[in-house]
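Let me begin by presenting the structure, written as structure tokens, before commenting on it.
Computed from the coordinates by the stated procedures, all read-outs in this text should not be read as laboratory data. Remember, it's a predicted structure, so these values are computed and weren't measured experimentally. For neighbour counting, all protein chains shown are included, and Cβ atoms are generated from backbone atoms with ideal geometry for every residue, glycine included.
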Amino acid sequence: MSQKKNNMEDVLSNIKNAPIDPKQLAPDSKFRFKCHKDVPCFNKCCSELDIFLTPYDILRMKNALNMTSSEFLDKYTETVILEKTQLPFIRLKMEESGQCRFVTEEGCKIYTDRPLACRYYPLGFGVMQSSKVEGSDFYFLIQEDHCKGFEEESEWNVQEWRDDQGISDYDDMNKDWVDIIIKKKANPDMSPDERSKNLFFLGSYDIDSFKPFVFESRFFEVFDITEDEIDLIKNDEDELLRFAQRWLLFVLYKEPTMALKEA
Ligand code: SF4
Ligand code: SF4
């Protein structure tokens, strides 16, 4: 299936220029859909998109492409400050023709590591409150005229689709980051300064720069981190990304997700 999607603006998915079925879907709501190489519209959907990337999208994609996060961000993305949060978000750059840079005649060349927005399609989704609160997310269908996948026989409910697309791994890896954004949205009058925006960018998107920031600095003289945790984040990039998000909650919101060493 050449999965793709429209936009994930506002990080929590906001589809622009797409016909959205306004009916909110529950996890057990059903829909008919299948995408495969023999559909007449194959690959038509992988262009003219506004795809916003989550931290775990970037980690997966840069590794799939054998690049550092900085190289990936420079080459394939642009940074956008979204009005509602005043925080930097990362959008995939399309070719001048409007095509996604990863689409080939055979489908998506990074299919195994395609971004969350592409996994969800033809669903859109949103999160109303902390991602840790059960039932805080909601879903809706994006029914575009060119998409013939809705004429196929396969029937899913939302939860089955999420499972099939491996979405819960992404939810798990991005949950503290989503909470940072929700907290910011809850405080619209709080305008982040340049330093906060830079920290958010570093801890959210540029894991290969975050690594020396932690390991080649006085970080562990300042923060109280156990030797076991240091070993874990040194050897496991997923754990380093989770750590970066906990660090952001601490430095941006004073959440007790980390502790300073006593002077
Ligand atoms: S990343 Fe892959 S699935 Fe997503 S729009 Fe690009 S080619 Fe399509
Ligand atoms: S338009 Fe729909 S059915 Fe066609 S390739 Fe894209 S997702 Fe699949």
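Remark: the Cα gyration tensor places the chain in the prolate category, a/c being 1.5 or greater and a/b exceeding b/c. Contact order, relative form, for the range 188-253: 40 percent (alpha carbon pairs under 8 Å, 6 or more residues apart, mean separation divided by residue count).
Across the chain, Cα pairs under 8 Å and at least six residues apart give a relative contact order of 25 percent.
Peptides 51-59, 82-90, ordered by how many other C-beta atoms sit within 10 Å of their residues on average, highest first, read 51-59, 82-90. Going by neighbour counts of Cβ atoms within 10 Å, the residues CYS46, CYS147 line up, fewest first, as CYS147, CYS46.
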